[in-house]
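Accompanying notes for the structure given below.
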Amino acid sequence: MKFVLLLSVVGLATCQFNFGPRQFFRGQRPRQGGFNRFPQQQGGGQADDVRGGSAYYYSWRHDGGRKYTGNAAASLCASLGGGWQAVGISSNEELNYINSVVGQARLEYIWTGGVKSGNGWRWLNGEPFRVTGWSHTGGAQRPQPDNREGGRENCLAVLNNFYGDGIKWHDVACHHEKAVICERRA
């Protein structure tokens with residue numbers, strides 16, 4: 001009898017307080033402190049910030065600091081639904097914003113949605129590739145992009161003073177693992 005009563009109390013608590021696995025479907029997380037500045041939107045992850053017509057999702061705030069390969073990072077963003085893609089940096093204001101996020105969060109590096117395309121670069125989200133923040137140095141002490149890893153540096157990462165160069169862009173082989181910033185229209 002005590003066992004049945006205990007199961008009933010646990011069952012009621014689960015229903016009342018929304019404990020259980022259904023909270024974590026489709027990238028959702030339980031609310032912390034009962035307040036979400038940017039509420040969950042249908043079919044998409046929760047935005048961590050909204051600026052300049054874009055919403056931004058910081059992977060490290062939702063996955064315990066997990067790191068992803070370049071392709072897995074792009075897939076993570078797309079899996080959030082609602083138009084999320086790995087960030088494309090299309091203005092000086094956005095460049096400064098992304099750099100400030102990386103610096104303030106004290107991240108070593110992040111993936112962007114920048115990929116090599118022929119002899120140039122493009123953003124996976126289709127934004128124009130007209131702003132650049134390439135470093136003047138890298139592992140081979142050459143200006144970026146330098147494609148030093150045997151011609152396999154096909155992904156664009158933002159590195160935080162990794163080579164004593166500040167927060168700058170580097171071409172990186174896509175098999176390395178990093179956090180990612182996802183972006184969608186707000």
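Some observations on this one:
- Accessible area per residue for segment 58-122, computed on protein heavy atoms with a 1.4 Å probe, is 47 Å².
- On the beta carbon distance between S117 and R61, with R0 = 35 Å, the FRET formula returns roughly 0.70.
- Loop-located trypsin sites (Lys or Arg not before Pro) in segment 124-182 (DSSP state other than H, G, I, E, B) with a sparse environment of at most 15 neighbouring Cβ atoms within 10 Å: R130, R152.
- Cα-projected label distance for R106 with A78, points at 7 Å along beta-carbon direction, nm: 3.5
- Per-residue SASA remark: W60, around 50 Å² accessible (1.4 Å probe; ligands, DNA and RNA not included).
- Shape category assigned to segment 66-186 from the gyration tensor of Cα positions, a/c cut at 1.5: rounded
- Computed about its Cα centre, the charge dipole of segment 110-186 is approximately 200 debye, with only Lys, Arg, Asp and Glu carrying charge at their Cβ.
- Mean separation of Cα contacts under 8 Å, 6 or more apart, over the residue count of segment 55-147: relative contact order %: 22
- Of all aspartates and glutamates in the structure, those lying under 15 Å Cα to Cα from K67, and not within fewer than 8 positions of it along the same chain, are E108, E177.
The values are calculated or read from the model by the stated rules, or taken from the named source; none is laboratory data. Model, not experiment: these values are computed from the prediction. A quick note on method: Cβ atoms are made from the backbone with ideal geometry, for glycine too, and the neighbour counts reach across all protein chains shown. With ligands, DNA and RNA removed, areas are computed over all heavy atoms of the protein, side chains included. Shrake-Rupley method; radii C 1.70, N 1.55, O 1.52, S 1.80 Å.
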